[in-house]
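This report refers to the structure that appears directly beneath it.
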Amino acid sequence: MMMNRKGKVGNAFCHLYLIILSLIAFFPLVWILLCSVKASGELTSNPTRFLPKHFTLDNFTHVIQDLGFAKNIGNSLFIAIITTCIAIVISSMAAYGIVRFFPKLGSIMSKVLVATYMFPPILLAIPYSMVMAKLGLVNTRIGLIIVYLSFSVPYAVWMLVGFFKTVPLGIEEAARVDGANKFQTFVQIVLPLVMPGIVATAIYTFINAWNEFLYSLILITSTDKMTVSVALKSLQGAEILNWGDMMAASTLVVVPSVIFFMFIQNKIAGGMTDGAVK
């Protein structure tokens, strides 16, 4: 009886602790969202006021129409989606090939990949810039996509290797007995089984491409091809910082990713759990 009471008290404290952490994590997002619908005068005169005194969408209208932020969002969406699609196609086939045909190579690749992530991305900025300049891909979306793929694909392969290891070899052999070839077995049998892992890897790749700042700042020079991360930074670099525009732009950048992540979090959790079970 005493143990059950202690267990209930412990669970209550755990839930309370998680609720407090959730509030701390979501408070900045809620604050940005509320500030984005405040008038500019209200932000400067009473910046600590939590709820808006007068609800307005003027900040969003100014950011999207006058500052051309919609174009920047389109650029980031295009680059992130293309990067994610190509990375998933390449990494899925590569991870499957490593697991089924080159298991020792997969172990070596994992160690090398983890070692490379110890170095900061700035070390590759100059080599990437030189290569893209020689290829004539500076200030192009294709050049930026190639750069993103160069560090997205290896990490995606490393993530998917763990998921493909969970697929029993007997299932593939049974499909071969039923007349399926290697490609049909891969597409119709294996991929559906590791779909949670593919979704988790795709979301991770998309968010990294969406939020990336350094290479887009270096390789993209024209404003019409600028991504949202660089466009958001350009607002901060203005002579007169408009906090309403900054909050509205931040909302446009952050909130869609958060909402999308909330919808697919079950897929991600399932994929990570399946990939962790060997």
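Okay, here's what the table says:
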item: Helix-derived mean residue ellipticity, 222 nm - over the chain, DSSP H n ≥ 4, -39500 (n - 2.57), to 500; result: -24500 deg cm²/dmol
item: In degrees, nearest ten, helix 243-276 long axis to first principal axis of the chain (Cα); result: 20 degrees
item: Additional length obtainable on full extension of the chain from residue 213 to residue 178, 0.36 nm per residue less Cα span; result: 7.6 nm
item: On Cα atoms only, tilt of 2-36 relative to the major axis of the chain in degrees; result: 50 degrees
item: Volume of the Cα convex hull of region 1-152, divided per residue and given in Å³; result: 259 Å³
item: Crossing angle, helix 141-164 versus the chain [Cα axis fit, 0-90 degrees, rounded to tens]; result: 50 degrees
item: For 146, 259, 79, order by how many other beta-carbon atoms lie within 10 Å, fewest first; result: 259, 146, 79
item: Residue-wise HN-Hα coupling along region 106-111, computed from phi with Karplus coefficients 6.51, -1.76, 1.60 (Hz; x: Gly, Pro); result: x, 5, 5, 4, 4, 5
item: Residue of 154, 103, 196 that the Gaussian network model of the chain assigns the largest fluctuation, springs spanning Cα pairs under 10 Å; result: 103
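Read-outs: derived from the displayed coordinates by stated rules, not from any lab. Here the structure is a predicted model, which is why all the values come from computation and not from measurement. A quick note on method: Cβ atoms are made from the backbone with ideal geometry, for glycine too, and the neighbour counts reach across all protein chains shown.
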